[in-house]
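Scroll down for the structure; my scribbles are underneath it.
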Amino acid sequence: MLAGEASAKAGVPPADRSKAVGVAEPGLGAHRTALVGLAAAFVVSRMAMWAAGMGFNAVGLHPRSVLQAQWQLLPATLLRHQLATSLWHLQSQPPLYNLAVAGLLRLPGGAQVPVAALAMAGLGLVMVLCTYGTLVDLGVRRGVAVAVGLFLVASPDVAVYERWLFYAEPTASLLAVAMFCGVRFLRTERLAWGAAFFSVGGAVVLLDSSYQWVWWVASAAPVAAALRHRWRTVARAALLPALLVGTWYVKDAVLFGTATTSSWLGMNLARATVAAQPPDVISSLVRRRILSPLAGVPPFEPVAAYVPRFVAEPPHTGVAALDWRIGAAGSSNFNNLAYVAVSEKYLSQDLRFVRADPGRYLSAVGRAMAVWSVPGDDYPFVAGVRAPIAGYARLWDMVVGWQAHPDLQAGLTTVRTHRGPSAAQVSWSVILLTALAIIGAPIVVWRWRRRDAVRAAGLAFVWCTVVYVFALTSFVELGENNRFRMELGPLPLVAAVVVGSVVVRWSGRFVRR
């Protein structure tokens, strides 16, 4: 049911319908056929991919080599036997992914992978259904909303991330749920929808370190502003999630002196600054004493590469999660306390480099934006999952993604060669959708701000999230930017479709005149 229909049933005069906020709860009963159809299409597509041999990548649970280990996870021994202490002293990442993996590790060995696969598939289905519901609530025609849902069902990008045990797919699904709940909260003003909106947003902050409190506040601000006449309801909805998230930030600040949910900021930024430059450039800056020799050491090396040469040996804490140097399968334990100081040192080098040579830094930012536009399935960590449907994925990327030549190593190649992906390697449809979302959405929000407060605030939430992630990951990271785009889930697509629908309507009115 669209906003205007809901307004009419609530007795809002026709002239004021578009301005109504929270006039009535729009039920989804009228959309039962579409929702059941999308769910059926999703199940059939996943069964077909399973029949084609598409497996589930859960090597992070029990890695057998350094290459299979996930840096974001604590050693399985600690997740099984010292969970509470280890999570409380987790400074490298927010806690929810480690908590979820700990839950899986407590299941019988034969049940771990099936449960993980089923949970990830469930998240994928939720993402599809929430996308449909949000598009309808934002005024997109049902047929178009169904088509977008089917697009997500058929997309190999979505499917391969869904078959990989990592927080990328859960982040995408939670953002879709937050988007849907936010629009519902705007339209109904009900506390339950508001609590769901803020709770899911808080869960994203505690799941994925790309999403910090700044995003949470900025993206929720349009929703809160549109409902300022119900500020008590907004405050009640946000109170508990804000306390939980705030407690985690305070804990990190007190124990580790960090201001974010991950202590890796300096090392992450190094990928786009000192580590993104040819060695001779860094050597020259070191000789001129603009940078220290640390700038010539790659980030995310073992502790021995930094201690005691660049930072002092950290004190023994008695907490294995902070003291152990070795993690799963012989990899480094990147939650070791030494990395807090190491990352701070890198951050100092990063900022010095940006001041000394902003042109080279901006060139790296441009390369990061190009990697953002590479299809999501062109990513080495999902290559094994993608292999059984490689032909289908290649056809999709060529026809739908407008990509001439695939390269599964595009991001890594960019880091190693200091050159961005070529015009043939990027997806031009991704570029178009991103441009529509970032440039077109604020124009629509501005046009809607008085006559359609619900849709304006809902679209503003989507726009704030897309812009935040695009800007943050482009300026702070280099190499995995297409994965960061995939973690946004359907949000860029939703914004682009809404903008496109509005443009079509405006064009139709102009032609009729």
#### Entry: Qualifying trypsin sites (Lys or Arg not before Pro) for segment 257-337 [loop in DSSP, other Cβ within 10 Å: at most 13]
Arg288, Arg289, Arg309, Arg325
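Can you give the FRET efficiency to the nearest 0.05 for Thr33 and Thr260, using r as the Cβ-Cβ distance and R₀ = 56 Å?
Result of the calculation: an efficiency of 0.80.
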### Query
Which FRET efficiency value, to the nearest 0.05, do you get for Val503 and Ala471 by plugging their Cβ-Cβ distance into 1/(1 + (r/R0)^6) with R0 = 30 Å?
0.75
### Query
Could you give the length gained on full extension between Thr77 and Ala383, defined as 0.36 nm per residue of separation minus the Cα-Cα distance, in nm?
107.4 nm
### Task
Within 10 Å of each residue's Cβ, count the other Cβ atoms and sort Thr131, Thr317, Thr188, Thr273 from fewest upward.
Thr317, Thr188, Thr131, Thr273
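When N is the residue count of segment 143-194, what does its C-alpha Rg come to as a fraction of 2.2 N^0.38 Å?
On the way: Rg = 13.8 Å, N = 52, 2.2 N^0.38 = 9.9 Å.
This ratio for segment 143-194 stands at 1.40.
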### Message
How much length would be gained if the chain were fully extended between Ala84 and Met398, taking 0.36 nm per residue of separation minus their Cα-Cα distance, in nm to one decimal?
### Response
108.3 nm
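To the nearest 0.05, what FRET efficiency results for Ile290 and Gln409 with a Förster distance of 25 Å applied to their C-beta separation?
Numbers: r = 32 Å, r/R0 = 1.28.
So the FRET efficiency works out to roughly 0.20.
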#### Entry: Euclidean distance of C-alpha centroids, segment 166-205 and segment 327-356, integer Å
32 Å
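What length, rounded to one decimal in nm, is gained on full extension from Leu244 through to Val319, with 0.36 nm per residue of separation minus their alpha-carbon distance?
On the way: separation 75, 0.36 × 75 = 27.00 nm, distance 2.32 nm.
Answer, rounded to one decimal: 24.7 nm.
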## Note on the structure
In nm, the gap between the two label points placed 7 Å beyond Cα toward Cβ at His418 and Ala218 is 3.1 nm
### Task
Would you pull out the residues with amide H under 5 Å of Ile326's amide H, same chain only if 5 or more places away, H placed 1.01 Å from N?
Asn333
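As an exercise, take the mean of 1/r over every pair of distinct alpha carbons in segment 440-502, invert it, and state the Kirkwood radius in angstroms.
Numbers: mean 1/r = 0.0810 Å⁻¹.
Result for segment 440-502 stands at 12.3 Å.
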### Task
Using θ = phi - 60° and the Karplus relation 6.51 cos²θ - 1.76 cosθ + 1.60, list the HN-Hα couplings for segment 107-115 in order, rounded to whole Hz, with x at every Gly or Pro.
7, x, x, x, 9, 4, 5, x, 5
### Message
To make sure I understand, if each residue's beta carbon is the centre and we count other beta carbons within 10 Å, what order do Asp452, Asp252, Asp323 fall in, fewest to most?
### Response
Asp323, Asp252, Asp452
#### Entry: Qualifying trypsin sites (Lys or Arg not before Pro) for segment 374-431 [loop in DSSP, other Cβ within 10 Å: at most 13]
Arg419
### Message
Can you compute 3J(HN,Hα) from phi for each residue in segment 470-480, using the Karplus curve 6.51 cos²θ - 1.76 cosθ + 1.60 with θ = phi - 60°, rounded to whole Hz and x for Gly and Pro?
### Response
4, 5, 4, 6, 6, 8, 10, 10, 8, x, 10
#### Entry: Ranked list, fewest to most other Cβ atoms within 10 Å of each Cβ, for Ser155, Ser219
Ser155, Ser219
### Query
What residues have an amide H closer than 5 Å to that of Asn57, excluding those fewer than 5 places away on the same chain, when H is modeled at 1.01 Å from N in the peptide plane?
Trp164, Leu165
### Task
Describe numerically, in nm with one decimal, the distance between label points set 7 Å from Cα along Cα→Cβ at Ser348 and at Ser65.
3.8 nm
### Query
So how far apart, in nm, are the two label points at Val126 and Ala154 if each is 7 Å from Cα heading toward Cβ?
2.7 nm
### Query
If you plug each phi of segment 366-377 into the Karplus form 6.51 cos²θ - 1.76 cosθ + 1.60 with θ = phi - 60°, what whole-Hz ³J(HN,Hα) values come out, in order, with x for Gly and Pro?
x, 5, 4, 5, 5, 5, 3, 8, 6, x, x, 7
### Query
In deg cm²/dmol and to the nearest 500, what is the mean residue ellipticity at 222 nm of the chain if only DSSP H runs of at least 4 residues count, each as -39500 (n - 2.57), divided by the residue total?
-19500 deg cm²/dmol
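Bear in mind these aren't lab numbers, they're just calculated from the coordinates by the rules spelled out. What you are looking at is a predicted structure, and each value in this text was computed from that prediction instead of being measured. Virtual Cβ from ideal backbone geometry, glycine too; neighbours counted across all protein chains shown.
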